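Every read-out reported here was derived from the displayed coordinates using simple, explicitly stated rules and does not represent laboratory data. A quick note: this is a predicted structure, and the numbers were derived from the prediction, not measured. Heads up, the Cβs are rebuilt from the backbone with ideal geometry, glycines too, and the neighbour counts pull from every protein chain shown.
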Amino acid sequence: MGAIGDVSLFDSEVFGGSGGSVFDTVGSPGGSAGPGMQLNGGYVFASGCLFSGSNGGFGDGLQIFGECSNGGNGSSAVLMPANSGGSFLHQDCTFNAGFAGGSSPSCYSGSNGQQLEVLSGLVVALPGSARRLDVPGFVRSGQAFLLQTLGEPGDLVLLGRSDSQGHLPLEDFSGNLVLGAPLLGLTVLGTVPASGTLGVLVDVPALVDPLAFANVTLQTLSIDTLGQAWLGHAEQLALLDETP
């Protein structure tokens with residue numbers, strides 16, 4: 001994944017591409033893998049995500065094809081190149097580096113990647129756990145759907161909704177506000193039980209135009225037992241007309 005601009009990632013998995021091996025192109029050295037994410041500028045916020053580099057390609061250490069060829073380099077989970085000047089804020093994410101491509105016994109293996117390879121820019125690890133949100137991809141007008149939030153027991157969860165998207169980093173809330181203006185409403189969903197999952201049945205109002213279609217952006221705000229507010233994940237919900 002390459003990024004240049006403003007991006008918000010929630011509960012996503014991002015993988016780099018593997019390097020080609022000597023068996024892909026006979027006689028060539030192993031290729032270097034691509035990073036899980038390369039940030040070339042701009043701003044990326046990620047919560048509850050997995051970033052994985054990939055493995056370098058194998059070289060011809062056994063000289064099967066005649067000449068010795070080295071293994072390729074493994075890639076980093078996140079790469080911020082020199083002079084890119086980007087900003088990366090992450091919360092409750094996992095970073096897996098890629099491994100070097102081997103080329104034993106006669107040749108050299110590549111180098112392993114890094115979890116975070118930061119050659120320029122700003123990286124901030126935000127505190128707290130990811131407050132996840134799970135909704136269906138679409139619902140029909142006038143029906144109900146199950147909304148689930150995953151958080152810390154005792155969290156008081158509020159749900160905001162908007163028909164547009166924004167991008168406002170709020171480090172004091174360990175999150176990124178993606179609800180655009182105007183805000184259509186803020187509803188109290190309830191308190192997260194000991195299981196860590198709060199499920200709420202939500203009624204969908206009928207669309208004014210029975211043949212209409214609408215997209216709604218949803219995002220949670222959780223207030224923990226100490227009074228600290230945490231911005232949660234955002235989801236897009238498509239509202240369809242009543243006719244199947």
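Results, tabulated for the structure shown:
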{"read-out": "Value of relative contact order over the chain, rounded to a whole percent, pairs C-alpha under 8 Å and six or more apart", "value": "16"}
{"read-out": "Asn83-Asp6 FRET efficiency (beta carbon distance; Förster radius 30 Å; 0.05 resolution)", "value": "0.95"}
{"read-out": "Integer Hz, Karplus 6.51/-1.76/1.60 couplings in order for the range 125-133, x for Gly and Pro", "value": "8, 7, x, x, 9, 5, 9, 8, 10"}
{"read-out": "Label point distance in nm, Val123-Val188, each placed 7 Å from Cα along Cα→Cβ", "value": "4.1"}
{"read-out": "Contour excess over end-to-end distance, with Cα ends at Ser111 and Arg161 and 0.36 nm allotted per residue", "value": "13.4 nm"}
{"read-out": "Stretchable slack from Gln228 to Phe145, in nm (0.36 nm times residue separation minus alpha-carbon distance)", "value": "27.0 nm"}
{"read-out": "Answer label, with percent of Cα pairs over 23 Å apart calculated from the coordinates and candidates (i) 59; (ii) 50; (iii) 65", "value": "(i)"}
{"read-out": "Magnitude of the charge dipole, the range 155-244, Cβ model with Lys/Arg +1 and Asp/Glu -1, debye to 20", "value": "100"}
{"read-out": "His90, His233, His167 arranged by Cβ crowding within 10 Å, fewest neighbours leading", "value": "His167, His90, His233"}
{"read-out": "Residues with amide H under 5 Å from that of Leu9, placed H, sequence gap 5 or more", "value": "Phe45, Ala46, Ser47"}
